[in-house]
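Report on the structure given below.
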Amino acid sequence: MEEKRSQAPARELLPRHIGIIMDGNGRWAKARGLPREMGHQAGSKVVGEIIRHCKKIGVPYITIYAFSTENWKRPAKEVDALLDLLRHYLSNMEEYQKENARLRVLGHLEPLPRDLRESIRRAEAESAGNTAITVNIALNYGGRGEIIQGVRRLLEEGVSPEEVTEELLSQRLYTAGMPDPDLIIRPSGEYRLSNFLLWQSAYSELLFMNVLWPDFTPEHLNYALHQYARRSRRFGGI
Ligand code: IPE
Ligand code: IPE
Ligand code: MG
């Protein structure tokens, strides 16, 4: 059966927070005899469409995994192309303002080029008051690194071992103040989290799909949402 549906489920059945591991850009390009960078370009075009769809149907938070702390292992040419796309994306905020979308960037930002950090700072500040949807871009993000920096902050604050709670650590993660993802979608046919939202995904519903990210459409998202709506979430209860 094709992993597509024309309609989203009813609003009360939707997740509050969707995480997406956008994957398969390289294979999409390879299948067309194109350089991998072209796959990333095609993939970046899909992001806006999916965000608009989430806003339209009433999903208040979405997190897109755009660049992991492990992605520096790729050839410099590809890393540069990915960072260029993100730079371009973050300096075009008209669409965000038009959609009343708040943008946040989650990740270890210090190692990024100075101009990119400046674009991030500006984009977050400009969109801070927007209320229709929160869009997190995970950039130089790694779940283990995020937990480590949270622990470091607790230690710096002088929190004693018996005072440490899940709540205190959660408040020191990049996602502080946001709901955990209810649903994490990974397209491209890979079945792993690749260091995405490790702490926050404790009770997320996971959905792996066979479509490559540049081919991902709102109809694929509707399919994912119908799968989610059928799941029975028990959180350890009965
Ligand atoms: C996009 O897909 C992931 C990133 C943006 C880093 P990939 O570049 O990982 O595509 P595949 O997995 O090689 O097909
Ligand atoms: C995960 O995809 C990272 C992003 C989507 C940004 P990868 O393609 O880097 O993951 P692996 O290497 O297949 O686990
Ligand atoms: Mg990949």
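Values quoted throughout were computed directly from the atomic coordinates according to the rules given, and no laboratory measurement underlies them. Just so it is clear, the structure is predicted and the values come from calculations on it, not from any experiment. Cβ coordinates were reconstructed from backbone atoms using ideal geometry, including for glycine residues, and neighbour counts include every protein chain displayed.
Can you name every residue in region 205-237 that is polar (S, T, N, Q), away from ligand 2 (no atom under 16 Å from the Cβ) and in contact (Cβ under 8 Å) with a residue 40 or more places away in the chain? Passing the criteria: Thr217, Asn222. When Glu118, Glu95 are checked against the criterion of being more than 24 Å from Asn25 (Cβ to Cβ) and loosely packed, with under 15 Cβ neighbours inside 10 Å, Glu118 stands alone in meeting it.
Filtering region 95-112 for residues that are touching a Pro at 6+ places or on another chain (Cβ under 7 Å) and farther than 15 Å from His220 by Cβ leaves an empty set.
Evaluate region 24-36: report whether one residue or more is in contact with a strand residue (DSSP E or B) (Cβ under 8 Å, 6 or more places away or on another chain) and basic (Lys, Arg). No, there is no match, as no residue in region 24-36 is in contact with a strand residue (DSSP E or B) (Cβ under 8 Å, 6 or more places away or on another chain) and basic (Lys, Arg).
For (1) of a type outside the set (Gly, Ala, Ser); (2) touching a residue at least 12 places away in the same chain (Cβ under 8 Å), each residue gets a yes or a no:
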| residue | (1), (2) |
| --- | --- |
| Ile50 | yes, yes |
| Pro60 | yes, yes |
| Ala66 | no, yes |
| Glu70 | yes, yes |
| Ala76 | no, no |
| Leu83 | yes, yes |
| Arg87 | yes, yes |
| Gln97 | yes, yes |
| Arg121 | yes, no |
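The set of residues in region 183-238 being of a type in the set (Phe, Trp, Tyr) and not in a helix (DSSP H, G or I) consists of Tyr191, Phe196, Trp199, Tyr203, Phe208, Phe216, Phe235. The number of residues in region 1-24 that are in contact with a Gly (Cβ under 9 Å, 6 or more places away or on another chain) and surrounded by fewer than 16 Cβ atoms within 10 Å (Cβ to Cβ) comes to 1. Residue pairs whose Cβ atoms lie under 7 Å apart, sitting 6 or more positions apart in sequence or on different chains, and linking a residue in region 180-196 that is farther than 13 Å from Asp23 by Cα and among the acidic types (Asp, Glu) to a partner that is assigned to a strand (DSSP E or B) and more than 10 Å from ligand 2 (Cβ to nearest atom), are Asp180/His17; Asp182/His17; Asp182/Glu205. Just to be sure before I move on: is Ala138 touching a Ser or Thr at 6+ places or on another chain (Cβ under 8 Å) and either closer than 30 Å to Glu95 by Cα or part of a helix (DSSP H, G or I) (or both) in the structure I sent? Judged against the criteria, Ala138 is a match. Spot the failing condition for Arg114; the list is (1) free of Cβ contacts under 8 Å to residues at least 40 places away in the same chain; (2) away from ligand 1 (no atom under 16 Å from the Cβ); (3) under 18 Å from the mean Cα position of the chain (by Cα), and only one is missed. Every condition holds for Arg114 apart from (3).
Of all residues in region 210-238 being within 23 Å of Lys56 (Cα to Cα) and hydroxyl-bearing (Ser, Thr, Tyr), which is surrounded by the most Cβ atoms within 10 Å (Cβ to Cβ)? Looking at residues that are within 23 Å of Lys56 (Cα to Cα) and hydroxyl-bearing (Ser, Thr, Tyr), I get Tyr223.
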